[in-house]
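The values are calculated or read from the model by the stated rules, or taken from the named source; none is laboratory data. Remember, it's a predicted structure, so these values are computed and weren't measured experimentally. FYI the Cβ positions are ideal-geometry reconstructions off the backbone, even for glycines, and counts take in every protein chain you see. Side chains included, ligands, DNA and RNA excluded: accessible areas come from the protein's heavy atoms. Shrake-Rupley method; radii C 1.70, N 1.55, O 1.52, S 1.80 Å.
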Amino acid sequence: MSNESLANLLKEERRFAPPAELAAHANVTAEAYERAAADRLGFWAEQARRLTWAEEPTEILDWSNPPFAKWFADGRLNVAYNCVDRHVEAGHGDRVAIHFEGEPGDTRSLTYAELKDEVSRAANALTELGVRTGDRVAIYLPMIPEAAVAMLACARIGAAHSVVFGGFSAEAVASRIQDADAKLVITADGGHRRGKPSALKPAIDEAVARCPQVEHVLVVRRTGQDTAMAEGRDVWWHDAVDRQPAEHTPEAFGAEHPLFILYTSGTTGKPKGILHTSGGYLTQAAYTHHAVFDLKPETDVYWCTADIGWVTGHSYIVYGPLANGATQVMYEGTPETPHQGRFWEIVQKYGVTILYTAPTAIRTFMKWGDDIPAKSDLSSLRVLGSVGEPINPEAWIWYREHIGGGTTPVVDTWWQTETGAMMISPLPGATETKPGSAQRALPGIAATVVDDDGREVPDGGGGYLVLTEPWPSMLRTIWGDDQRFVDTYWSRFEGRYFAGDGAKKDDDGDIWLLGRVDDVMLVSGHNISTTEVESALVSHPKVAEAAVVGAADETTGQAIVAFVILRGTAHEDENLVAELRNHVGATLGPIAKPKRVLPVAELPKTRSGKIMRRLLRDVAENRRLGDVTTLTDSSVMDLIQSKLPTAA
Ligand code: 6R9
C-alpha cells in the first residue's frame, strides 16, 4: 500500500468538545496519558488493583519469550468471584446486575445476589456433569441471562468457554467444538428472533453427532418448542441446575489460566481459536469499561446491544461491566421487533445512560428515519459508543444528533477479538472528538501507523495499523497453533503486532481506521480505502448505507463498484447513479468515483454486523460465491445477484 494515495482523501473538520459537566466529574482525564507514558507497566499494575486477587501479583509483564506474553503471572484470582461475589460482599447484593428484556416482552431482573446464586448453582451442575478445571465447554445460546451465567460458571470452575453465535450452522458449530475439544455443550431449545421462536437445539444435535467427545448437552428451556432430548446425553438446565445448592467456593487460578477461546472466521482458512487468559484480560476489560464509558456503577444504566457470540459481548456485556459492578440491560431480540422503535423504548423504559452499539445498527436507524427515535425520551443518555467497523462521519453525526440529543459524546472504540479489549478510543470527558476517528491509543496502549517497510508514517500519512507494545488483554496464542499465531500477527513487521487494518494519521497525529487491508482497492495505481468511498456515499442525503469493492478491470486494474442502500424517503430514479458518482467525485476526487453504483435492499453481513465485501467482490466479478456460513442471512446474496443482469 503506498502512503500518498491513502492519505487524506477525506477531509472532516467538525470537532466536539466534551460536555463540561462530564469533564468535571470524569473517571479518567488527560492526566492518565501522561502517567501511563511515564511508567506504562506501573500504570497497568495499578489497574490490576481494580480486581480482587487471592494472591496479589508481584510480576507485571513477562516478555522474555515474545510474542508469548504473560501478565501478572504470579497473581491468583477467580474471574467469576470478581464479577459477582465481591460486589455482594461489598454490600451491593441488591443492585440489579441484569435487566433482561425478552423479545416477546417478558422481563426479568437479576440482582448481584441472585446472579451469585445462579452462577454458583450452574458451577455445581457443571461439576456434576463431569466438567473439570482445564476442560472446554461450548456455549450456543440466545441472548438470555443464562448465557452470562453459563460463561461465569465456566470461569468459576476454571473451564474455558467457547461461545458460538446462536444461529451459526451445524457445520460451523461442529468445527469449533472439535477444534476446542469441548466435552460439554450448553444450548437452548431456541430463542426469539424477528417475532417468532427460532430453534437452536437441532443444529447442536447435528453438530454433536460429529463430535464423539461431547459427553453432555445442557439445554435451557427458553421458547418451550418441541425439542428432542437424547437419552443419557441431554439434560435440561432446570433439572440439572435448579436443584443445586447456591453455595460454591470459588477456587483461585493463576492469572494466565485460560478463560475463553473465541473463534474469528478470518477470510480464508479454518477459523482461528483466539485464546484469552484471566488476570490481564479482566484488568483491561474492567479498566477500559470504566474509562471509556465513564461508568458510575451506582447511577448508570448501561446497555451494550452486542450478541454474546461476539467478543464485544464477552468483554462489554459479561466481563468488563460485571467486574465493575454495573447495572445493565440485556435484550434478546432484533431492533425491528415488534416495531422499529424497540431500542428507543428500551432506553426510555430503563433510563439507559450509556449505549454501546455498532455502525451497522446506526446506519439501519438512519435508513428507518429520524422520526422513530424522536418518539421516545432519550434524555437519560450521556455517553454513546460505537464498535465493529469504521463509523462513517455522517452516521456518527446522526448518532450524536438523533440519539444523543446533540450533546452526548460519541466514543468510537477500535479493538479486535485478538486485542480482547478496547485499544484506540476517545475518552468522553477528555477528548475533543472528531466524527469518524477512533483518535488515540488509550492510556497504557501503544499504537501507530507504518508503511510497507515498517517505518512509522509522519502525521498526515497512511499505511497499516500496528501495536508496538504488549498489552494485558492481548491474545496469548491461537488455540493449538502457536506457529499460526506468530505468522498471522507478528511476522509482517518485526517485533510489532499487525492488526490487518489500514489506517492513517491526521495532522494532529490522530488515527483514522480505513478498513481491513484485504479490502483496500487499487485503481490506476492508487490505493483507495473502501471506508472513505463508503463514507462519501453515506454523506449524500439519499444514502443510508454503502459497501464498496474493487472489481477486476481491464484498464484500471480494479474498478470501484458501490452497493448502496437508500434512506427510507429516497427512491431510485434514472439520475441517481450519476448524482452519487458525482458526489463521490466532488468529495474525494475523480479517482475515487465508482464505476458502477448499484442500489440494493440489503447488504451481506456477519452476525456481528460487519459487511462481507468478499462476497460482493464475488458478485461484482461474476464468480461463484465463496463461503457464506458466517452470514446472518444467506438469502441476501440471492437478492443482490438478482439485481445484476451480468451476474451468474
Ligand atoms: C471488537 C471487534 C475486529 C475488526 C478490526 C476492524 C474492525 C472494530 C472498529 C473497527 C474501525 C472501529 N473494527 N472496531 N474498525 N473502527 N471502531 O469488532 O472485534 O469482530 O474481531 O473485529 O473490526 O477491522 O480489525 P472483531
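Which trypsin sites (Lys or Arg not before Pro) in segment 319-411 pass both tests, a DSSP loop state and at most 15 other beta-carbon atoms within 10 Å? Intermediate results must be reported in sequence, preceding the final value.
Numbers: sites: Arg342, Lys349, Arg363, Lys367, Lys375, Arg382, Arg400; in loops: Lys375, Arg382.
For trypsin sites (Lys or Arg not before Pro) across segment 319-411 that sit outside H, G, I, E and B with at most 15 neighbouring Cβ atoms in 10 Å, the list reads Lys375.
If I take every Cα pair under 8 Å that is 6 or more residues apart in the chain, average their sequence separation and divide by the length, what percent do I get for the relative contact order? Mind dumping the intermediate values first?
Working: 1455 pairs, mean separation 91.0, N = 648.
Here the relative contact order equals 14 percent.
Measuring from centroid to centroid over Cα atoms, what is the spacing of segment 592-637 and segment 438-475 in Å?
29
Note down the net charge around Pro428, summing +1 for each Lys or Arg and -1 for each Asp or Glu among other residues with Cβ under 9 Å from its Cβ. Before the final figure, lay out the partial values.
Working: positive: Arg382; negative: Asp294.
Local net charge: 0.
For segment 323-416, what class follows from the C-alpha gyration tensor (a ≥ b ≥ c being the square roots of its eigenvalues): rounded when a/c is under 1.5, otherwise prolate if a/b is larger than b/c, else oblate? Don't skip to the answer; put the middle values down first.
Working: a/c = 1.28, a/b = 1.02, b/c = 1.25.
Since a/c stays below 1.5, the shape of segment 323-416 is classed as rounded.
What does the accessible area per residue of segment 180-317 come to in Å², with a 1.4 Å probe and no ligands, DNA or RNA counted? Can you show the working numbers first?
Working: 4920 Å² over 138 residues.
Here the per-residue accessible area is 36 Å².
Roll a 1.4 angstrom probe over the protein heavy atoms and tell me the percent of accessible area of segment 58-124 that is carbon or sulfur. If you can, show how the numbers build up before the last one.
On the way: 1170 of 2630 Å².
Heavy-atom surface of segment 58-124 belonging to carbon and sulfur, 1.4 Å probe: 45 percent.
How big is the antiparallel share of DSSP beta bridges in the chain, given as a percent to the nearest 5?
Details: 57 of 96 bridges.
DSSP beta bridges in the chain are roughly 60 percent antiparallel.
For segment 1-102, take the alpha-carbon Rg, divide it by the Kirkwood Rh, and send me Rg/Rh. Display every interim value, and only then the final one.
Values: Rg = 20.8 Å, Rh = 18.6 Å.
Ratio of gyration radius to Kirkwood radius for segment 1-102: 1.12.
On a 22 Å Cα-Cα criterion, which of the cross-link pairs Lys542/Lys643; Lys201/Lys605; Lys11/Lys505; Lys595/Lys643; Lys183/Lys272 come out too long? It would help to have the intermediate numbers written out before the result.
Details: Lys542/Lys643 19 Å; Lys201/Lys605 24 Å; Lys11/Lys505 12 Å; Lys595/Lys643 16 Å; Lys183/Lys272 19 Å.
Flagged as over cut-off: Lys201/Lys605.
Per residue, what accessible area does segment 576-648 have, given a 1.4 Å probe and all protein chains present, in Å²?
Values: 3410 Å² over 73 residues.
Accessible area per residue: 47 Å².
Using the per-residue mean of other Cβ atoms lying within 10 Å as a proxy for protection, in what order, highest first, do the peptides 69-82, 217-230 fall? Mind dumping the intermediate values first?
Details: 69-82: 23.7, 217-230: 17.0.
Per-residue Cβ counts within 10 Å, averaged per peptide and sorted highest first, yield 69-82, 217-230.
With a 10 Å radius around each residue's Cβ, average the other Cβ atoms per peptide and rank 110-117, 552-559, 479-486, highest first.
Working: 110-117: 21.6, 552-559: 14.2, 479-486: 16.0.
My ranking of the peptides, most packed first, is 110-117, 479-486, 552-559.
Ignoring ligands, DNA and RNA, what percent of the 1.4 Å accessible area of segment 268-310 is carbon and sulfur? Display every interim value, and only then the final one.
Details: 520 of 940 Å².
C and S atoms contribute 56 percent here.
Taking amide H positions as placed 1.01 Å from N in the peptide plane, with prolines and chain starts having none, which residues 5 or more places from Val301, or on another chain, fall under 5 Å of its amide H?
Thr353, Ile354
With the contact rule set at Cα under 8 Å and sequence spacing of 6 or more, what percent relative contact order holds for segment 336-462?
Details: 186 pairs, mean separation 23.4, N = 127.
Once divided by the residue count of segment 336-462, the mean separation gives 18 percent.
What value in Å³ per residue do you get for the convex hull of the alpha-carbon atoms in segment 382-439?
Looking at segment 382-439, the number lands at 75 Å³ per residue.
In the P(r) worked out for segment 378-485, what percent of Cα pairs fall beyond 19 Å?
Working: 3133 of 5778 pairs.
Pairs farther apart than 19 Å: 54 percent.
If you count only protein heavy atoms with a 1.4 Å probe, what accessible area per residue comes out for segment 113-173, rounded to a whole Å²? Walk me through the numbers on the way to the answer.
Working: 1270 Å² over 61 residues.
Roughly 21 Å² per residue, with all protein chains present.
Which whole-number percent is the relative contact order of segment 121-164 (Cα, under 8 Å, 6+ apart)? Spell out each step's value before the answer.
Values: 51 pairs, mean separation 22.8, N = 44.
Value for segment 121-164: 52 percent.
Each label point is 7 Å from the Cα along the Cα-to-Cβ direction; what then is the distance between the points at Ser642 and His238, in nm?
4.2
Loop-only GluC sites (Glu not before Pro) in segment 174-235, please: DSSP not H, G, I, E or B, and at most 16 other Cβ atoms within 10 Å.
Working: sites: Glu206, Glu215, Glu231; in loops: Glu215, Glu231.
In loop regions of segment 174-235 (DSSP not H, G, I, E or B), the sparsely surrounded GluC sites (Glu not before Pro) are Glu215, Glu231.
Stokes-Einstein diffusion coefficient for segment 120-185 at 37 °C in a medium of 0.692 mPa s, Rh from the Kirkwood formula over Cα pairs: what value in µm²/s?
It comes out at roughly 276 µm²/s.
When the accessible area of segment 353-493 is computed with all protein chains present and a 1.4 Å probe, what percentage of it is carbon and sulfur?
Working: 1690 of 3830 Å².
Summing carbon and sulfur atoms, their accessible area is 44 percent of the total for segment 353-493.
Quick check on packing: order 529-539, 57-67, 443-453 by the mean number of other C-beta atoms within 10 Å, highest mean leading. Present the calculation step by step, with values, prior to reporting the outcome.
Numbers: 529-539: 26.5, 57-67: 14.6, 443-453: 19.5.
The packing order, highest mean first, is 529-539, 443-453, 57-67.
If we restrict to alpha carbons, what Rg and Dmax does the chain come to, in Å?
23.7, 72
Helix-only estimate, please: 222 nm mean residue ellipticity of the chain, summing -39500 (n - 2.57) across DSSP H runs of length 4 or more and dividing by its residues, to the nearest 500.
Values: 20 runs with 173 residues, N = 648.
Taking each H run of at least 4 residues, the total per residue is -7500 deg cm²/dmol.
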